[in-house]
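Readers should treat all values here as calculations from the given coordinates under stated rules, not as data from a laboratory. Model, not experiment: these values are computed from the prediction. Don't worry about glycine lacking a Cβ; one is built from the backbone with ideal geometry, like all the others, and counts go over all protein chains shown.
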Ligand code: GDP
């Protein structure tokens, strides 16, 4: 697959609005502001593809991007933990996301985007547990690595690796920076393996 060819396909607020469930998909999840949109934009070499958290609108929807290979898609899941959302909206979010994650047959793996300065929040842990329970391959993308000194970043990665050691679903732990394009080849390689398997 070529990630540079990614195009916006459709936004879905419910499972029945998603594209037909065949082919292969890789989904991106993360807390709001973790750097998920920037990571997707970096991977696809398209600064405008995923909306960053500063832009309201599509952020609460599941956004699908098509790739050049037929029925291969990247999926941007709604960010979690937006400071001002109400309890109801959180329930709503969990329900939609839960539906997608539980029902989607073509889902090959999940990329969990975390801010390297705030590793493994409660939400992140919940996602890891979910992947473990459902045996869905998981890649942890620790982004904004440029915000830390290399030694600090390395130490954080080791701490995360130690915490996640018991989880067999965790296939990769990548130090990433959208700003510095660090870890880009590695992530693209992982996505390619998942999508073309
Ligand atoms: P999202 O809510 O998870 O989609 O997060 P965004 O991609 O919108 O990023 C949130 C904020 O972090 C924005 O101000 C970005 O410019 C910034 N950001 C995202 N990725 C990086 C990165 O790799 N390095 C740095 N320094 N800032 C980043």
Calculate the spin-label point distance for residue 135 paired with residue 45, positioning each point 7 Å from the Cα along the beta-carbon direction, and give it in nanometres. 3.7 nm
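Indicate the gyration tensor shape class of segment 135-197 (rounded, prolate or oblate), computed on the Cα atoms with a ≥ b ≥ c the square roots of the eigenvalues: a/c under 1.5 is rounded; otherwise a/b larger than b/c is prolate and the rest oblate. List each step's numbers first, then the result.
Numbers: a/c = 3.34, a/b = 1.23, b/c = 2.72.
Oblate, since a/c reaches 1.5 and b/c is not below a/b.
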Centroid-to-centroid separation of segment 174-197 and segment 115-135 [C-alpha atoms, Å]: 19 Å
Which of the peptides 184-193, 103-112 is most tightly packed, and how do the rest follow, going by the mean number of other Cβ atoms within 10 Å of each residue? 103-112, 184-193
Which order do 1, 113 fall in if you start with the one that has the fewest other Cβ atoms within 10 Å? 1, 113
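What is the chain by shape, rounded, prolate or oblate, if you read a ≥ b ≥ c off the alpha carbon gyration tensor as root eigenvalues and call it rounded for a/c under 1.5, prolate for a/b larger than b/c, and oblate otherwise? Spell out each step's value before the answer.
Details: a/c = 1.32, a/b = 1.19, b/c = 1.11.
Rounded.
Only bridges with both residues in the chain count here: give the DSSP antiparallel percent, nearest 5. Don't skip to the answer; put the middle values down first.
Values: 10 of 33 bridges.
Given both bridge residues lie in the chain, the antiparallel proportion sits at roughly 30 percent.
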What's the ranking of 37-44, 123-130 by average number of surrounding C-beta atoms within 10 Å, highest first? 37-44, 123-130
How far apart, in nm, are two points set 7 Å out from the Cα along the Cα-to-Cβ line at residue 173 and at residue 149? 2.1 nm
Ranked output for segments 62-72, 147-157 by mean other Cβ atoms within 10 Å, highest leading, reads 62-72, 147-157
Inter-label distance, nm, simple model (7 Å from Cα along the C-beta direction), residue 15/residue 69: 2.6 nm
Normalised by the residues of the chain, what does the relative contact order come to in percent, with Cα pairs under 8 Å and at least six apart? 25 percent
